[in-house]
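Data first, discussion second: the structure below is written as structure tokens.
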Amino acid sequence: MGPPGAGKGTQAKRIEKAHGFPQISTGDLLRQPDPSRPDLKAAVEKCLASGELVSDEIVNQLVDARLKRADCSGGFLLDGFPRTVEQARALDGMLSNAKRRIDRVVVIVAPADVLLERICGRRTDPVTGELYHLKSKPPPADIIDRLTHRDDDVPDVVATRLAEYQSKTAPLIDFYRQRDLVTEIDGNQSMEAVSAAVDKVLS
Ligand code: AP5
């Protein structure tokens with residue numbers, strides 16, 4: 001968990017490579033429209049463009065289907081899910097059905113000005129999925145022309161995403177704290193320092 005730009009995706013992709021747990025990012029799932037559900041496309045696109053959360057019903061269905069895939073049988077890493085108490089309750093049901101449990105909830109935090117700077121400088125390689133930042137993780141010169149900048153990575157939409165996080169997702173931290181599952185990590189440090197803190201939790 002963590003606000004937009006905190007470094008969730010960066011850490012999740014690294015853990016996926018290092019430990020083999022699939023990274024299940026609801027943001028990524030929502031950005032790749034499901035061809036079997038054309039009825040959801042317009043509602044999802046509207047939320048992604050505005051920065052508002054997609055409805056719990058849609059997101060819960062996506063995650064439930066994803067967790068049933070074979071690659072999740074040895075464990076998985078949720079990135080950006082759950083984001084509401086409703087989603088957290090739905091996840092409890094999915095895990096209970098699968099006889100699994102949450103090992104740890106890692107919350108990465110950073111101040112708003114740092115988040116904005118990170119989001120505005122973020123670039124994604126559509127070929128490899130690798131995340132870059134124009135200053136803190138500059139991309140190799142030979143791939144610069146193919147990099148993309150997310151449509152929701154603009155200040156107005158980021159403001160809505162941050163507000164959604166504060167009002168709907170931040171309260172979940174207490175929900176999991178009451179279960180003694182939360183480790184909070186200072187995301188306002190170098191990627192290496194954040195990675196070391198995350199690895200300590202995993203070990
Ligand atoms: P999503 O795609 O999940 O976006 P987000 O939560 O806003 O998070 P970001 O991807 O922006 O940031 P991040 O924390 O992963 O940071 P990153 O590692 O990339 O969601 C998008 C939208 O989908 C939502 O607005 C909503 O509409 C919808 N949605 C998704 N899940 C949903 C759900 N469960 N329910 C309802 N709706 C949902 O890092 C950012 C940049 O900083 C990168 O350039 C990176 O290189 C750099 N960086 C990372 N760490 C460091 C560091 N330590 N130092 C310096 N730079 C760093």
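Tally up the residues in the stretch 89-101 that are among the aliphatic types (A, V, I, L, M) and either over 26 Å from residue 163 (Cβ atoms) or surrounded by fewer than 17 Cβ atoms within 10 Å (Cβ to Cβ) (or both), please.
Start the filter on the stretch 89-101 by keeping residues that are among the aliphatic types (A, V, I, L, M), which leaves 90-91, 94-95, 98.
Imposing the further condition that a residue be either over 26 Å from residue 163 (Cβ atoms) or surrounded by fewer than 17 Cβ atoms within 10 Å (Cβ to Cβ) (or both) reduces the set to 94-95, 98.
Counting residues in the stretch 89-101 that are among the aliphatic types (A, V, I, L, M) and either over 26 Å from residue 163 (Cβ atoms) or surrounded by fewer than 17 Cβ atoms within 10 Å (Cβ to Cβ) (or both) gives 3.
In the set 104, 122, which member is surrounded by 14 or more Cβ atoms within 10 Å (Cβ to Cβ), of a type outside the set (A, V, I, L, M) and touching a residue at least 60 places away in the same chain (Cβ under 8 Å)?
On the way: 104 fails: surrounded by 14 or more Cβ atoms within 10 Å (Cβ to Cβ).
Exactly one residue qualifies, and that residue is 122.
Tell me, which strands (runs of 3 or more DSSP E) wholly within the stretch 86-203 include 3 or more residues that are within 22 Å of residue 53 (Cβ to Cβ) and within 16 Å of the chain's Cα centre (by Cα)? Break it down stepwise before answering.
On the way: elements: 105-109, 122-124, 131-133, 182-186.
The qualifying strands (runs of 3 or more DSSP E) are 105-109.
I need the full set of residues from the stretch 28-45 which are under 25 Å from residue 77 (Cβ atoms) and within 11 Å of the ligand (Cβ to nearest atom), in order please.
28, 29, 30, 31, 44
Can you pull out every residue in the stretch 77-100 that is of a type in the set (Gly, Ala, Ser) and more than 15 Å from the ligand (Cβ to nearest atom)?
Taking the stretch 77-100 as the starting set, the residues that turn out to be of a type in the set (Gly, Ala, Ser) are 80, 88, 90, 93, 96, 98.
Those that are of a type in the set (Gly, Ala, Ser) and more than 15 Å from the ligand (Cβ to nearest atom): 93, 96, 98.
The rows are residues; the columns are (1) more than 8 Å from the ligand (Cβ to nearest atom); (2) under 15 Å from residue 150 (Cβ atoms); (3) touching a strand residue (DSSP E or B) at 6+ places or on another chain (Cβ under 6 Å); (4) not in a helix (DSSP H, G or I).
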| site | (1), (2), (3), (4) |
| --- | --- |
| 2 | no, no, yes, yes |
| 5 | no, yes, no, yes |
| 11 | no, no, no, no |
| 18 | yes, no, no, no |
| 47 | no, yes, no, no |
| 61 | yes, no, no, no |
| 65 | yes, no, no, no |
| 71 | yes, no, no, no |
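Looking at the stretch 125-137, is at least one residue among the small types (Gly, Ala, Ser) and without any contact (Cβ under 8 Å) to a residue 12 or more places away in the chain? Steps first, answer last, please.
Here is the first cut: in the stretch 125-137, the ones among the small types (Gly, Ala, Ser) are 129, 136.
From the residues that got through so far, the ones that are without any contact (Cβ under 8 Å) to a residue 12 or more places away in the chain too are none.
No - not one qualifying residue is present in the stretch 125-137.
Here, each number is a calculation from the coordinates, and none is a lab measurement. Because the structure is predicted, anything quoted here is derived from the model rather than measured. Neighbour counts are summed over all protein chains in view; Cβ atoms, including those assigned to glycine, are modelled from backbone coordinates with ideal geometry.
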